[in-house]
1. Among the residues of the range 217-255, which ones are among the small types (Gly, Ala, Ser) and either surrounded by 14 or more Cβ atoms within 10 Å (Cβ to Cβ) or touching a strand residue (DSSP E or B) at 6+ places or on another chain (Cβ under 7 Å) (or both)?
2. In the range 513-531, which residues are at pLDDT below 80 and open to solvent by less than 40 Å² (accessible area, probe 1.4 Å)?
3. Looking at (1) open to solvent by 70 Å² or more (accessible area, probe 1.4 Å); (2) out of contact with any helix residue (DSSP H, G or I) (no Cβ under 6 Å at 6 or more places or on another chain); (3) of a type outside the set (Ser, Thr, Tyr), which is the one condition that is false for Lys486?
4. Please verify whether Gln435 is within 30 Å of Leu161 (Cα to Cα), surrounded by fewer than 16 Cβ atoms within 10 Å (Cβ to Cβ) and at pLDDT 70 or above, treating the condition exactly as stated.
5. Identify all residues within the range 210-254 that are touching a residue at least 40 places away in the same chain (Cβ under 8 Å), hydroxyl-bearing (Ser, Thr, Tyr) and out of contact with any Asp or Glu (no Cβ under 8 Å at 6 or more places or on another chain); write none if there are none.
6. Condition (residue is touching a Cys at 6+ places or on another chain (Cβ under 8 Å) and either open to solvent by less than 70 Å² (accessible area, probe 1.4 Å) or not in a helix (DSSP H, G or I) (or both)) applied to the range 497-509: is it met by at least one residue?
7. For the subset of the range 353-392 comprising residues that are surrounded by 14 or more Cβ atoms within 10 Å (Cβ to Cβ) and closer than 18 Å to Arg210 by Cβ, which member is modelled with the lowest pLDDT?
8. Which condition does Asp353 not pass, out of (1) touching a helix residue (DSSP H, G or I) at 6+ places or on another chain (Cβ under 9 Å); (2) within 21 Å of Ser223 (Cα to Cα), if it passes all the others?
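The values are calculated or read from the model by the stated rules, or taken from the named source; none is laboratory data. Every value quoted in this text rests on a predicted model; they were computed, and no experiment measured them. Here the Cβ is made from the backbone with ideal geometry for all residues, glycine too, and neighbour counts use every protein chain on show. The accessibility values were calculated without ligands, DNA or RNA, using every heavy atom of the protein model including side chains. Shrake-Rupley method; radii C 1.70, N 1.55, O 1.52, S 1.80 Å.
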Amino acid sequence: GVELLLHGLCSNTTVTSLDLKGNNLRTMGAEALGKLLRQNKSIRSLILEWNSLGAWEEGFSFFCQGLGANSVLQRLDLRNNQISHQGAGDLAMALKQNASLQELDLRWNNIGLLGGRALLNCLHSNKTLKRLELAGNNVPSDILKAVEQAMDHNQDRQTILRETQNRTYVLSKEVLSLKDEKTKQFLDLMDTIDKQREEIARSGRMSAARVNQLQEALDEQHSIMNSLKAKLQMTEAALALSEQKVHSLGELLNATKQEQSSMAERHFTELQQQKQESADREGKLLGDLSAAGEKNLLLRNQDQLFQVKQDLTNTTAELKLRAVQAEERLEMEKRRFKQSLEDMESLRLKEVDHMTQHIEASERSMQDRIQRLEAIRIALEEELSKVKAAALTERGQAEEELIKVRNQARLEERQRLEHLEEKLRLMTESRDEAQNCCHKQKQMVAEAQAKANQLSLHADGLRRRLEELQQDLNSKEEEKVTEVNKVKVELQEQIGHLQAERTAQEGLREKIAALERQLKALSSNHREALLDKEGEISMLLEKLRMKEADISRMREEEAQRASFLQNAIMAYVQGSPLGTHSSRK
């Protein structure tokens, strides 16, 4: 039944405690238990009290082999199992291989002196066993004391290991927290740099849009000026036309005057001809008709003169009217030209006022923007001051914690120095473990340095990107118009802020270097402490040799005393009535 049960438990993964107390297990049961211990990975506690396993040497040796191969079992109860010194030797071999068993109960067996020595010798290599019960096994008291000391050493070693693990865990947590803080700070810096880049790009886009708007306004002004120039050219052409008209009218007036003069001359010549004709006619006429002819000629000459005068007056009146109309037309043209000039001047003044108002509004907007950027700069400076203050406070807290940890370590070292005589065997192993921890810490420091190098490379890449951005900004600034100089100044101020943040990054790098130096100092202090402890270990080894000599002398004295006591007891037994009664029988 036990074989079937243990065969089923070989593949079980849920049972953690097995109690087979008082089941009269024999060789097959012991072999099944050894197989179980080899294959099962979940049982932590095994109780085998009152089973007489030690009576079957082959089965118990197989059980011990399974125990040596097991890496999960922590508690084993073998009370009242008739284990002899040979079984104790097998158990000692198993305990040398086992690295998980913490409690072993071997009370009320037959281990004896040889078995006790075997178990004591195995405890030099087994460092996990914390509790070993050997009462009722005829084991000498000195071996029991040595076993108790070994158990104390193992317990102290476990506590030291736990403390070192806790310390390494705390240190690793602190290192990880510092790394996380540095990564967070670096990410925050990257976020601020990205935000500032976005702001720079946004301001560049806004400035480009503003420049485009100004360029469009200038183009509009140029178009307006061109239209005004065209209007002026048109008015000048109209003036030239009006002047030409005036000139043509003057020419017409001159022509009319010449015609009038020519007509007057013609009339005058005609009159002279008529006078000559009349004189000729008068000379031809007879003297009889001279008076009548003269009267008739006088009358006729008066009528013609009157008609000529009327014709002259009519022509002069017409010429005057034409001249007056031409002057009126000239006055009208002059008035129209003056009105058009006044309208053009008023339009030009209005456009100039509009342009000045637009330029003033743009200047006001630019000043508002400058004020906003100044407020942003002040806010960033305040944030930087807050971050610096937080970093200083964190540094002070870290220094205080380091001082506390150092003081606590000093106190613990003082307490440990009192128990060094008992913990001598474990110090060599703790030194090896401490060296391993140092190697791990060195590896961690190397990893931190590699990460710091990566961060520096990343920062160099960011610096290159900043330089490229500065070159792009410079190339863009060279192409801009003189009216965008204020925007250039703002961009240069933002670049200065970026450089300040870069200096802050360099400060963070210096902090990382300081932390690395602190780690190096701690490792050097740890090495010095290890060297001091090695010196103390050598001193304690010498003391231990002295004490071992004293113990050997005391053992010899105890052996002599025991022989004296044995002789005295034998003499007492032989001299007592019980001894005489037994001799009679």
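1. Listed by number, the residues that qualify are Ala217, Ala238, Ser242.
2. Ala513, Glu516, Ser523, Ala529, Leu530, listed by residue number.
3. Checking Lys486 against (1) open to solvent by 70 Å² or more (accessible area, probe 1.4 Å); (2) out of contact with any helix residue (DSSP H, G or I) (no Cβ under 6 Å at 6 or more places or on another chain); (3) of a type outside the set (Ser, Thr, Tyr), the one that fails is (2).
4. Judged against the criteria, Gln435 is a match.
5. Thr235
6. no
7. Applying the first criterion (surrounded by 14 or more Cβ atoms within 10 Å (Cβ to Cβ)) to the range 353-392 yields 355, 358, 362, 366, 369-370, 373, 376-377, 380, 384, 387, 391.
From what is left, the residues that are closer than 18 Å to Arg210 by Cβ are 355, 358, 362, 366, 369-370, 373.
Details: Met355: 71, His358: 76, Ser362: 67, Met366: 70, Arg369: 73, Ile370: 71, Leu373: 72.
My answer is Ser362.
8. Among (1) touching a helix residue (DSSP H, G or I) at 6+ places or on another chain (Cβ under 9 Å); (2) within 21 Å of Ser223 (Cα to Cα), the lone unmet condition for Asp353 is (1).
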